[in-house]
Each structure stands twice: as structure tokens, then as C-alpha cells.
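To start, the structure under review is shown below, and the notes come after it.
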Amino acid sequence: MSLSVALNTARGSLSANGLQTDTVSRNVAGVGDAAYSRKVASLVTTDGPVRVVVNRVSNTALFDKMINSTSDLAGRKAILDALKSLEQTVGDTEADGSMAAKLSALNQALSNAANQPNDQNLAKAAVAAAKDLARAMNEASTTVQSVRKNADDEINDSVVTINDLLTQFDKANRAVMTGTVTGADISDALDNRDKILAQLSQELGITTVVRANNDMAIYADNGSPLFDKTARSVTFQPTSVFAPGTTGNAVFIDGVQVTGSKSLMPLQTGRIVGQMTVRDEVTITYQKQLDAIAGGVISAFAETNIDATKPSLAGLLTYTGGPTLPTAGAVGLAASIRVNAKADPEQGGNPFTVRDGGMNGAGYTYNTSGDAAFSDHLRALQATFRADQSFPTDSELPTTASVMTAAQASASWLEAARKAASAQVDTESAVLSRTSTALSNATGVNRDDEVATMLQLEKSYAASAKLIATVNAMLQSLLDAVR
């Protein structure tokens, strides 16, 4: 080997060593970054001088599993968070603040008033208990609509995020394609592209297809294209105010509806799906339960015309649209239920109308003689209050039950839904954790391994430097000999 060849070999070795050292340094800097994949600098010695090719360690199967689990978990968390918010309307069923407890308190107040029908304070207490129950139902309905509005806002935020991520993905995908064509190092560009995919998978389920020159297309889990050469538009019109009966809008991808009952191929997973489930299913069912219970209470305290020539009308508890009794499944009763002003002393009413009747006129008065010991109507109200009623089948309440049993069934339904959602979140969290750990083990950086590699590179550097020093000494000897 000539001295010039030896020198060039040493210089090539130092150059390759520098690139390998740089790669190790990048790996060390990427320790702890979940979006970073380990880079491997390989020496290529065929067809010319030594070259360094940087490859990115990847595992497509594990990555796909991770983004699928991410989508599923995001949707389930959205449902669980909403159920926890709704659970505030129930509380501890044994506590005074629960709906069942307020119904029980009203029943007890009626019993007390029936035992001493001449005591105005006990009559007032019955009216106050009814007012407390109505207020609790009003607040519960407000909470339900607030949760619906929050879900609608979250859907809108998700759509904004998706469109922003698709714009970022367009730039990242172009960088990968350009680097592939020119032969540049695209390992960091691939990391960036995968990071965007991981963020996108939180909003909705996705699948990907890699084509020539590392070009990638993204499809939603219902098959709708999100990115194919260009980003597709995802649109949603948020709802400004929610009330019982309000219908929220759907999400569209490239003009095609992908959520709601009118969607032929709806989205399956992701935060959007979870929030849609909250807005259009969970809260709707719970609102129906509240409305059904409110309707049952209104009917239980209805006043019946003495000669049966006129219909029964709302009594102690009425609603917007009263005094006509509401129809089964009427919407918005929990939001508008209230104590009849004619019985409420705070509104100038007479609390003894609970005992005597007459909130709807003389034809609905039971104690026509004005007897202070009259308790028949109060005991009749108690009996009606405890009697079974029919509830709408779509409310998921018992089809036949008392209002007290219905309130307890509603609380049980909500708790069962929360418990099931919590179990699903725990299960999917475990799956995502295991998948992320497996992916990290396969593609992540081990600091000890990188330090060991750096020590090997230092030895290689020292050997190359020694060779250069040796060649330099030999060249110097030759020059000295010529002189």
C-alpha cells in the first residue's frame, strides 16, 4: 500500500467515524423522546470509497398497533370524563343531595303533613321539599346540556386540530419524498411524520399506506381519505347553545358525512367518536330519564276534577306548558319543572292547597268544608307517589315502576355506565402501555448501548489518527532523505 493510499484510507475512516459519532450523539439526545427512533450508521464499502448510510430503526406492526390503541383510548376517555361529570347530578344515593333522597324527603314531608294536616309549617315543609326536588331536576338538566355543549366544543377543537395536523403532514411527507429521491438522510423526517400520525390518531382512527418514494396516504378508520397527495378538508359546524331536544351537527370529511345516524360509514374510534357518543347518546338517554322522572312526579301530584267532567291537571308540581299534564316522553320536563305558584307561600300562594286541592279552581277542591283535620288528599298523594307508573322504553328505565324506583334505577344506570367505561379505559391503557413499551424496546434508544458504541468509535478514531501520524512520520523521513 502506498503512503497516499494509506493516508486517504485514514482520512476516509475519520470522516466515517465523525458521521457515526454524530449519529450516536443524536441517539443520546433522543433518549426519553417517545417520538424518536434509534438511528444506525452503517459502513458501506462496495463500489468505491467507504460511505456511511444512516438507517432508522422501525417496527411498522407495533407502530400501527400503538396508533390504533391511542385512538381507542382517546374515545373511551372522552366518554368516561363525561360520565364522571354527569355523576355529579346523582352523588351518593344515601346523601341528602341525591335525587332519590330528595324524592324520599318529599314523601316524608307529605307523611308529616298528613299526620298533622292543620299544621301550616308542615304544609310549608312539603312545598319546600317539592321545590328542592324541582331545583335539583333543573340543575341536573342544566348539567346534562352543559356536558353536551362541552362535547360539541371538543368535537370542533378536534376538527381544527385534524386540519392543522394534515397541513403539517403535507410538509413532512414532502420532506420525506424529496430526501428519498435525492438520497439524503430522511430518518429525522420520518420521525417527524410518525409523530404527526401519533397526534392525529388521538382525534380519530387512521390507517396508512406507503407508496413509491416513501409517499404516504392516510385514511380514516371508516375508509374516508384524509390525505392522498393532498390534505382533505374536515368540516364541522358547532352548535352555539344546547337545550333538551337540540340536535348537534355532524362531521364531514371531503363533503361526506362520517358521524351520526345518517352516515353510511361512520368513524369508529378516536376522540371525535367518543365526544359524539357523549353528545348524541349518553347525555340524550340520561336527559330522557330525567324528563321521564319529572313527568312521573308531575303526574303523581296531579289534581283530578271532582265530577270527572274535566281532565286532570298539574298540581303541586307543574312545568312550562302546564297545567295540562305532559305526554309520555315529553322533552324538557326536568328543565322546566317547578312548584305551583298557588301553593308556594314565597310566591303568594297558600301551602294548604297541598292538603285541600284547588290549585286549578273550585272543581279540583277536595276539602270543600274547610276541615282543618282533612288528610285524605295528602294520603292519596302519598299512595299515588308510591304507585307504579309507565316509563318510556327508550329511557332505559324500568317500563313500570314508582318514581322513587325510577330515580334509583337512573342512578344505577349512570354508575354502571361509568364503571364499564372505567374498565374499558383501564384495559385499553394497559394495551397501549404494553404496545408503547414494546415499540420503545424495538426502536428506542438505550443509553448504555450508545455509550458502548461511542467507546468503540473513540478507539477507531485513535487508530485512524495513529495511522495518519505514522504516514506523516514516514513522509517526513522521505523528505529528510531527499534533503
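A short reminder: the numbers here are calculations on the coordinates, not readings from a lab. This structure is a prediction, so every number in the text was calculated from the model and none was measured. Using ideal geometry, Cβ is built from the backbone for each residue, glycine included, and neighbour counts are taken over all protein chains shown.
Packing-wise, with mean Cβ within 10 Å as the measure, how do 321-334, 208-221 rank, highest first? Don't skip to the end; give the middle numbers.
Values: 321-334: 18.1, 208-221: 16.0.
Ranked by mean Cβ neighbours within 10 Å, highest first: 321-334, 208-221.
So what J values fall out for region 136-149 if you push phi through Karplus, 6.51 cos²θ - 1.76 cosθ + 1.60 with θ = phi - 60°, rounded to Hz, Gly and Pro as x?
4, 5, 4, 5, 5, 5, 4, 5, 4, 5, 5, 5, 4, 5
Using the Karplus curve 6.51 cos²θ - 1.76 cosθ + 1.60 with θ = phi - 60°, what ³J(HN,Hα) values do you get for each residue of region 161-175, in whole Hz, with x for Gly and Pro?
Result, ordered by residue: 5, 4, 5, 5, 5, 5, 5, 5, 5, 4, 5, 5, 5, 5, 4 Hz.
Report the number of Lys pairs in region 86-195 whose alpha-carbons are under 30 Å apart, with separation of 8 or more residues or on distinct chains.
Summing the qualifying lysine pairs gives 5.
Order of 361-372, 406-417, 250-261, 69-80 by packing, highest average Cβ count within 10 Å first?
Going by the mean number of other Cβ atoms within 10 Å, highest first, we get 69-80, 406-417, 250-261, 361-372.
Under the Karplus relation 6.51 cos²θ - 1.76 cosθ + 1.60, θ = phi - 60°, what is the ordered set of whole-Hz ³J(HN,Hα) values for region 193-204, x standing for Gly and Pro?
Rounded to whole hertz, the list is 5, 5, 4, 5, 4, 5, 5, 5, 5, 5, 7, 7.
Considering the convex hull of the alpha carbon atoms of region 355-444, report its projected area averaged over all viewing directions, in nm², one decimal. Can you show the working numbers first?
On the way: hull surface 41.2 nm².
The number I arrive at for region 355-444 is 10.3 nm².
Can you order the peptides 184-194, 237-247 by their average number of other Cβ atoms within 10 Å per residue, highest first? Mind dumping the intermediate values first?
Working: 184-194: 19.5, 237-247: 13.5.
With the highest mean Cβ count within 10 Å placed first, the list reads 184-194, 237-247.
Can you give the convex hull volume of the alpha carbon atoms of region 148-301 per residue, in Å³?
96
Identify all lysines with a Cα-Cα distance to LYS419 below 16 Å; exclude those on the same chain that are fewer than 8 residues away in sequence.
Those lysines meeting the cut-off are LYS77, LYS84.
For LEU325, list long-range residues whose amide hydrogen, built 1.01 Å from N in the peptide plane, is under 5 Å from its own amide hydrogen.
Amide H to amide H, under 5 Å and 5 or more residues apart or across chains, LEU325 pairs with ALA314.
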